[in-house]
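Report on the structure given below.
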Amino acid sequence: MKCALITGGSRGIGRAICDKLSQDSDYHILINYQSNEQAAQETLAIVQANGNTGELLQFNVSDEAQVKATLDTWQENNPDAVVEVIVNNAGITRDGLFMWMPSEDWHDVINTSLNGFFNVTNHLIQRLLRNKYGRIVNLVSVSGVKGTAGQTNYSAAKGALVAATKALAQEVAKRKITVNAVAPGFIRSDMTAELDEKELKKMIPANRFGEAEEVADLVSFLTSKKAGYITGEIININGGIYS
């Protein structure tokens, strides 16, 4: 059984990626979520409605021990299963001006986006290397590429993930493992629901927010066999706001 693991897969862009991969591939979809089981079950229902299989894996990506325990237990229960695709999508924002930023807002964001990438990917990568095949896609952000005021913590976490993507890509390319990042701009989701879309879209050359499905289409391509010669790339998907 070949599997694709999507962290933060229960809602928003994560859900759209689970939906798209279950349509475009025959991967068994592993939907990671932290707390919202109902949303995760809804995502699983979408995967199954597409005629594919999936299951839920509950863990907090920032908790290394929990990540290891959950993935190890899953592997023991599914000895023949191979995770070929890792989509590191889990992330949180705790926006605010740096001068007033509490240290927990800094550490929580770094722990989820950056350390979450380490905890999940580091634990699974030896198996990918042994199998001489894999696709790793990291969800970063326009904030990690250009920096965004009020998001010094988020920009730091995503910017570090950009650099990690480029470095890891060089380490594992010989084993037919690609590592790429997708950097969305303003995408309609729970995370951007509070934003003033009417005002902000004036800054966007495409004059609109993007859709989660558009990000998912790009991720689906990068996880496919067709993208075997693309690695170490950071692909912006932002309607021209930063290009």
In the chain, helical segments from DSSP H whose Cα atoms cover 27 Å or more along their own axis and that average at least -1.0 on the Kyte-Doolittle scale are 152-172
For segment 41-137, averaging the sequence separation of alpha carbon pairs under 8 Å that lie six or more residues apart and dividing by its residue count, the contact order in percent is 35 percent
Sparse-neighbourhood loop hits (trypsin sites (Lys or Arg not before Pro), segment 186-242; DSSP loop; Cβ within 10 Å at most 16 others) -> 208
Farthest towards the positive end of the dipole of the chain, among 107, 31, 147 and with Cβ unit charges of +1 on Lys and Arg and -1 on Asp and Glu, lies the Cα of 147
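Within a Cβ distance under 10 Å of residue 94, other residues only, what is the Lys/Arg minus Asp/Glu net charge?
Counting the neighbours of residue 94, the net charge comes to -4.
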Using alpha carbon centers only, segment 188-236 is separated from segment 113-179 by a whole-angstrom value of 17 Å
Once Lys and Arg are counted +1 and Asp and Glu -1 for all other residues with Cβ under 9 Å from that of residue 4, the total becomes +1
Each label sits 7 Å from Cα toward the beta-carbon; between residue 69 and residue 163 the label points are separated, in nm, by 3.3 nm
Set 2/132; 166/201; 158/225; 176/226; 132/158, cut-off 22 Å on Cα-Cα distance; pairs above it are 166/201; 158/225; 132/158
So for segment 101-243, using the alpha carbon gyration tensor with a ≥ b ≥ c as root eigenvalues (a/c under 1.5 gives rounded; past that, a/b versus b/c decides prolate or oblate), I'd call it oblate
Sparse-neighbourhood loop hits (trypsin sites (Lys or Arg not before Pro), segment 81-151; DSSP loop; Cβ within 10 Å at most 11 others) -> 132
About its Cα centre, the chain carries a charge dipole, from +1 on Lys and Arg Cβ atoms and -1 on Asp and Glu Cβ atoms, whose size in debye to the nearest 20 is 1020 debye
Given a Förster distance of 35 Å, the FRET efficiency implied by the Cβ-Cβ spacing of residue 53 and residue 233, rounded to the nearest 0.05, works out to 0.70
Yeah, segment 1-145 with a ≥ b ≥ c from its alpha-carbon gyration tensor (a/c under 1.5 is rounded, else prolate when a/b outruns b/c, oblate otherwise) is prolate
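Quick note: the coordinates plus some simple rules give every number you see, no bench work behind them. All values derive from a computational prediction rather than experimental measurement. Because the Cβ atoms are built from the backbone with ideal geometry, glycine has one as well, and the counts that use them run over all protein chains shown.
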